[in-house]
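Take a look at the structure below.
Please treat every number below as a calculation from the coordinates, not as lab data. In this text the structure is predicted, and so the values were computed from the model without any measurement. In this analysis, Cβ positions are derived from the backbone assuming ideal geometry, glycine residues included, and neighbour counts consider all displayed protein chains.
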Amino acid sequence: MKAKSARTKSMKPHAIYPGSFDPLTNGHINLVERALNIFESITIAIAQNSRKPKVFSMDERLQMIRKVFADSPRIEVESFEGLLVDYVANKDGFTVMRGIRTTEDFEYELSLAQANRHLRPEVETIFMMTDPQFSYLSSSMIREIVSLGGSTKGMLPDFIEDLLKKRLGEGKSK
Ligand code: PNS
């Protein structure tokens, strides 16, 4: 069989990076910045219907993430409702990108990607390994540290850390 040329029309030059981003961390940012070396553009897609209760509203997360990437014309930030694969299928030429930090992540991500593949085989998922300096970081860990009064300096942008401290501090004095 004749080998296909390395670049074909069917290549997907754009990535959709879905997640909850509650809040966006420096691990997410690092992944997006590295992915810009591979993809022409990246859409950060905030899931509307995630089961977990949120600290920041959808509008707040959209605003925060847009502010972080304000100088990056190749990045857009959107929200979506419903199934990820349906959202991706409506955006022709995109592939899903997810980050993997640990073997636990791998197991979860594998089942998510396989379920998505079952739902819509034409939607591909690719994985990027988290930079080791961020491999322990998660939004939920950051929320817990802040709610218990610890420092999360260097784990997320300063202005988001300040907003998170304010938000999680609300109600404590009541
Ligand atoms: O940052 P998270 O919480 O790990 O992101 C998970 C997310 C939002 C990517 C996942 O829950 C998702 O794709 N939600 C949209 C609904 C959907 O398609 N669920 C998967 C069917 S198996």
Check: What is the order of Arg51, Arg66, fewest Cβ neighbours within 10 Å to most?
Finding: Arg51, Arg66
Note to self: Below 8 Å, C-alpha to C-alpha, sequence gap of six or more: please give me the relative contact order for the range 27-82 in percent.
What the structure shows: 48
Next item on the list: Report the calculated FRET efficiency for Thr103 and Arg51 (r = Cβ-Cβ distance, R0 = 30 Å), to the nearest 0.05.
Entry: 0.85
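About the Cα centre of the chain, what is the dipole size in debye to 20, counting +1 per Lys and Arg Cβ and -1 per Asp and Glu Cβ, all else neutral?
Around 120 debye, computed over the chain.
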Next item on the list: Work out the charge dipole of the chain with +1 on the Cβ of Lys and Arg and -1 on the Cβ of Asp and Glu about the Cα centre, then indicate which of Phe39, Met64, Phe134 is farthest towards its positive end.
Entry: Phe39
Next item on the list: Pull up all non-local amide H partners of Ser79: gap of 5 or more, or a different chain, and H-to-H distance under 5 Å with H placed in the peptide plane.
Entry: Ile46
Next item on the list: Note down the net charge around Ile100, summing +1 for each Lys or Arg and -1 for each Asp or Glu among other residues with Cβ under 12 Å from its Cβ.
Entry: -3
Notebook entry, point to check: Do any GluC sites (Glu not before Pro) in the range 46-122 lie in a DSSP loop with no more than 15 other beta carbon atoms within 10 Å, and if so, which?
Noted result: Glu81, Glu122
Checklist line | P(r) of the chain over all Cα-Cα pairs, binned every 10 Å from zero, in whole percent | finding: 9, 35, 36, 14, 4, 1, 0, 0
Check: Got a sec to turn the phi values of the range 64-70 into Karplus ³J(HN,Hα) couplings, 6.51 cos²θ - 1.76 cosθ + 1.60 with θ = phi - 60°, whole Hz, x for Gly and Pro?
Finding: 4, 5, 4, 5, 4, 9, 4
Check: For the range 78-85, what does the Karplus curve 6.51 cos²θ - 1.76 cosθ + 1.60, with θ = phi - 60°, yield as ³J(HN,Hα) per residue in whole Hz, taken in order and with x for Gly and Pro?
Finding: 9, 10, 9, 10, x, 6, 4, 5
Checklist line | Helix axis angle, 158-169 relative to the chain longest principal axis, alpha carbon, degrees | finding: 60
Margin query: Report the Cα-based extents of the range 126-174 along its three principal axes, largest first, to the nearest Å.
Written below: 45, 20, 17
Check: For the chain, what's the relative contact order in percent, using C-alpha pairs closer than 8 Å and at least 6 residues apart?
Finding: 27
Next item on the list: Output ³J(HN,Hα) for the range 98-107: one whole-Hz value per residue in order, computed from phi by the Karplus curve 6.51 cos²θ - 1.76 cosθ + 1.60 with θ = phi - 60°, and x for Gly and Pro.
Entry: 9, x, 10, 9, 9, 5, 4, 4, 4, 4
